[in-house]
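The values are calculated or read from the model by the stated rules, or taken from the named source; none is laboratory data. Keep in mind that what you see is a predicted model, and the values were worked out from it rather than measured. Heads up, the Cβs are rebuilt from the backbone with ideal geometry, glycines too, and the neighbour counts pull from every protein chain shown. Heads up: the accessible areas ignore ligands, DNA and RNA and are worked out on the full protein's heavy atoms, side chains in. Shrake-Rupley method; radii C 1.70, N 1.55, O 1.52, S 1.80 Å.
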Amino acid sequence: MAKTIEKRVALMLAAGILILFLAGCSSPSQNLPAGNAQNITNAPPASPGCGNEACFITAANNCESMNLTVTDEVGTFSFSSSKSCVFTKTLVSLNANETREMKNALEGKSMYCIYEKGNFDQRWVTSLIYGLENCQGDLKDRLADLTIFP
Amino acid sequence: MRGILSLFILFGFLLPLLHAQVSMPPWNWSQYSGTSQWQVTVTEDQTACHGPIFTNTYGVIIQHDQTTAVMGDVGHGPATGTFISGNVLHFRSRTVSDPPGTSTLSDYDIYFTTDCASFAGEYTWDYSGSDGSCSGSTSLSGTNTQGCPAPPIVIPPSKPPELTPEEQVAAARSDLNNDFDLRGELKYLNLQNLLTGESQDAQINAVQDRIDSLEPSIEAKYKKVLDADPNNFEANVDMAELKRSQGLTHEYYEYMDRAANSGAVTASVRDAMEKSIARELGFSTFPKPANSLLMRKVGTEKGNWQGGLYGMDVPKESSDKSLWDIKVYFTVGPWEGIVKSIVVN
């Protein structure tokens, strides 16, 4: 079993690295003080950027290459979409009030979700756990594990 | 009158009853392997040879090998015959030493009774020697007081011991692991296809072929477990994951739901699951909505389940929150985590 998991993790890790390289990673944005309302950062995009979630969702749905970084009460997330219809979500940083253990478990973790053009699940952007079953990666596994706790 | 009545009773009632008690099923010597023992009365007519008619009795053993049999010496040496029907043993003509000359025996048949009690047969012979030639006959009459041989005891071939359900699941899961490895490879190859534009079609087809040949046998193994116990937790979880990997979302949900409802996830099991996952994530305490904005949002989303699961409308169960938490975890959680963190009693 351990060997099987290791092999699968290795495959997924390789796939994740490949996706991050080709889909483009957005640079992490600065942490904002806790308690702020949702705030959109406008980090200079390496590829064309979007100013808001609606713009990003539209672009992703068309399988366009796009980046967006969003900070809300939970933390800062970066999203990217690619011409290959691969969506990548990274939890860049958690709210400063989260425990060190939560930060260690989740910060910097990513997940990727493959979809068909016209069938982008916008819940991947607007929620934490909806649609996770169609994604893969460390962030997906960690968030899924957290659903067990009441 | 009384005598006639007695006879009537005897023939009308008692004889059939006695017959039923002593009658045996007809014996078939041509299906027997073993030996039989006989007292054989041999009557030899040598009158044409200017000799007497004399009678001898021999104790004779017949060695049976189903359709063939070897009769011991009854005066002209042992002979091998072939059953031409169930109880008729045929001997072919043969020439035997009959000092000072030889005798050529005719073909002959030995007729056995179906109750194994007797047999009879007759043959002619032609003698030729330095002292002349002549012909005669020999009749054989055998009796057997031991009855038909006991039917052989057939010992059925021993079947390998049946595996326990746990062993059956373990065997199926070994194949399932291999299948998931193949599906992981397939996903990776498809991803490479997408991202690099370099065709991986040949490899993709090869991996798909292996998946297609492996999965029917995996499902048959789990089906056997579930036919005996439809609520077997591990078998249902494994089948749920298999169906999910096949893209069969309705079936995935049915198996997952049955696993969650199986009663296997008791409060103590759930407690063990939480501790196992907390340990895996490096948590010294369980994260709670009270001290984590992220957990608060996860809890809110669980509570406001939008009903979507692979495009199906999965109803949220409001009556049992802990069962609902389990189902959400089953929906999104890694199956290895589910199974290895559960100790089912």
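The residues of region A:95-119 that are open to solvent by less than 40 Å² (accessible area, probe 1.4 Å) and part of a strand (DSSP E or B), listed by number, are A:SER110, A:MET111, A:TYR112, A:CYS113. Being modelled with pLDDT of 85 or more and outside the structural domain of B:PHE180 (by TED's automatic domain parsing), is that true of even one residue in region B:300-311? Yes, region B:300-311 has at least one match.
Close contacts from region B:278-289, counting a first residue that is within 7 Å of another protein chain (Cβ to nearest Cβ) and a second that is part of a loop (DSSP other than H, G, I, E, B), with Cβ to Cβ under 7 Å and a gap of 6+ residues or different chains, come to B:PHE286/A:PHE149; B:PRO287/A:PHE149. Quick check on B:THR102: is it out of contact with any helix residue (DSSP H, G or I) (no Cβ under 8 Å at 6 or more places or on another chain), in contact (Cβ under 8 Å) with a residue 24 or more places away in the chain, open to solvent by 20 Å² or more (accessible area, probe 1.4 Å) and not aromatic (Phe, Trp, Tyr)? So B:THR102 passes the test. Residue count for region B:255-265 satisfying the condition of being under 33 Å from the mean Cα position of the chain (by Cα) and open to solvent by 10 Å² or more (accessible area, probe 1.4 Å): 3. Given the conditions (1) out of contact with any Asp or Glu (no Cβ under 7 Å at 6 or more places or on another chain); (2) at pLDDT 85 or above; (3) among the charged types (D, E, K, R); (4) more than 13 Å from A:LEU146 (Cα to Cα), which single one is not true for B:LYS243? Answer for B:LYS243: the failing condition is (1). When A:GLU53 is tested against (1) surrounded by fewer than 22 Cβ atoms within 10 Å (Cβ to Cβ); (2) within 13 Å of chain B (Cβ to nearest Cβ); (3) touching a residue at least 60 places away in the same chain (Cβ under 8 Å), exactly one condition is not met: (2). Return a yes/no flag: does region B:123-139 have any residue that is assigned by TED's automatic domain parsing to the domain that holds B:ILE53 and part of a loop (DSSP other than H, G, I, E, B). Scanning region B:123-139 turns up at least one residue that is assigned by TED's automatic domain parsing to the domain that holds B:ILE53 and part of a loop (DSSP other than H, G, I, E, B). If you check B:SER341, B:SER292, B:SER262 for being of a type in the set (Ser, Thr, Tyr) and modelled with pLDDT under 80, only one passes: B:SER341.
State whether one or more residues within region A:78-89 are open to solvent by 50 Å² or more (accessible area, probe 1.4 Å), out of contact with any strand residue (DSSP E or B) (no Cβ under 7 Å at 6 or more places or on another chain), modelled with pLDDT of 55 or more and closer than 26 Å to B:THR196 by Cβ.
Taking every residue of region A:78-89 in turn, at least one turns out to be open to solvent by 50 Å² or more (accessible area, probe 1.4 Å), out of contact with any strand residue (DSSP E or B) (no Cβ under 7 Å at 6 or more places or on another chain), modelled with pLDDT of 55 or more and closer than 26 Å to B:THR196 by Cβ.
Which ones in region B:177-204 are open to solvent by 50 Å² or more (accessible area, probe 1.4 Å) and in a helix (DSSP H, G or I)? Answer for region B:177-204, where residues must be open to solvent by 50 Å² or more (accessible area, probe 1.4 Å) and in a helix (DSSP H, G or I): B:ASN178, B:GLU185, B:LYS187, B:TYR188, B:ASN190, B:LEU194, B:THR196, B:ASP201, B:ALA202, B:GLN203.
Counting the residues of region B:34-79 that are over 45 Å from the mean Cα position of the chain (by Cα) and among the β-branched types (Val, Ile, Thr) gives 9.
Please count how many residues of region A:126-136 are more than 7 Å from every other protein chain (Cβ to nearest Cβ) and open to solvent by less than 10 Å² (accessible area, probe 1.4 Å).
From region A:126-136, those more than 7 Å from every other protein chain (Cβ to nearest Cβ) are A:126, A:131, A:134-136; that's our starting set.
Then drop every residue that is not open to solvent by less than 10 Å² (accessible area, probe 1.4 Å), which leaves A:131, A:135.
Residues in region A:126-136 being more than 7 Å from every other protein chain (Cβ to nearest Cβ) and open to solvent by less than 10 Å² (accessible area, probe 1.4 Å): 2 in total.
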